[in-house]
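The values are calculated or read from the model by the stated rules, or taken from the named source; none is laboratory data. Because the structure is a prediction, the values reported are computed rather than measured. Quick reminder, even Gly has a Cβ in these numbers, built from the backbone with ideal geometry, and neighbours come from all protein chains shown.
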Amino acid sequence: MNANTLARPTLFRRALLLDAATGAVTALLLIAGASFLAPQLGLPTALLSGAGLVLIPIVVLLAWLVRSPRISKWLAWSVIEMNLLWVLASFGLLLGGQVSPTLLGQIFVIVQALAVLAFAIVQFIAWRREGAVLSAPAADAAATIRTA
């Protein structure tokens, strides 16, 4: 096994699978229900459907990683970073003053952000337990490209 990859990390893969499944459901909910949810949440329809569309490639990546025989540390770290960026963007949305969500909208944004934060934490802990270390992300990326 290459030192730059994770071979079948059970807990990490389960965390990725749950992240992918909830991401897929959320994407479907946001895309299909944006016009219904917008007035309830006090958020623009375009924002909700756009967020759902953004989730689609993330869900595809997560599903691919779950089935991948090896996961490079660079890709594992990228998933964790994407989740953390989603959390920051969610709280930025609430604090930025560009939208005026209802109380239900604020609760929705906060709860989903905390759920995504929980995924990031579980993924990081699982990744660390399964022997991955934060080192040489550029070498990991090159190794991933060569083996793809």
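Below is a table of values for the structure above.
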{"quantity": "Filter result (of a type in the set (Lys, Arg) and either free of Cβ contacts under 8 Å to residues at least 12 places away in the same chain or touching a helix residue (DSSP H, G or I) at 6+ places or on another chain (Cβ under 7 Å) (or both)) within the stretch 51-70", "calculated": "ARG67"}
{"quantity": "Residue in the stretch 120-129 that is farther than 15 Å from MET82 by Cα and at pLDDT below 85 present", "calculated": "yes"}
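Residue-wise test of (1) under 22 Å from ARG129 (Cβ atoms); (2) of a type in the set (D, E, K, R); (3) without any contact (Cβ under 8 Å) to a residue 60 or more places away in the chain; (4) surrounded by fewer than 17 Cβ atoms within 10 Å (Cβ to Cβ).
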| residue | (1), (2), (3), (4) |
| --- | --- |
| PHE12 | yes, no, no, no |
| GLY23 | no, no, yes, no |
| GLN40 | no, no, no, yes |
| ALA46 | no, no, yes, yes |
| SER72 | yes, no, no, no |
| VAL79 | yes, no, no, no |
| LEU84 | yes, no, yes, yes |
| SER90 | no, no, yes, no |
| LEU117 | yes, no, yes, no |
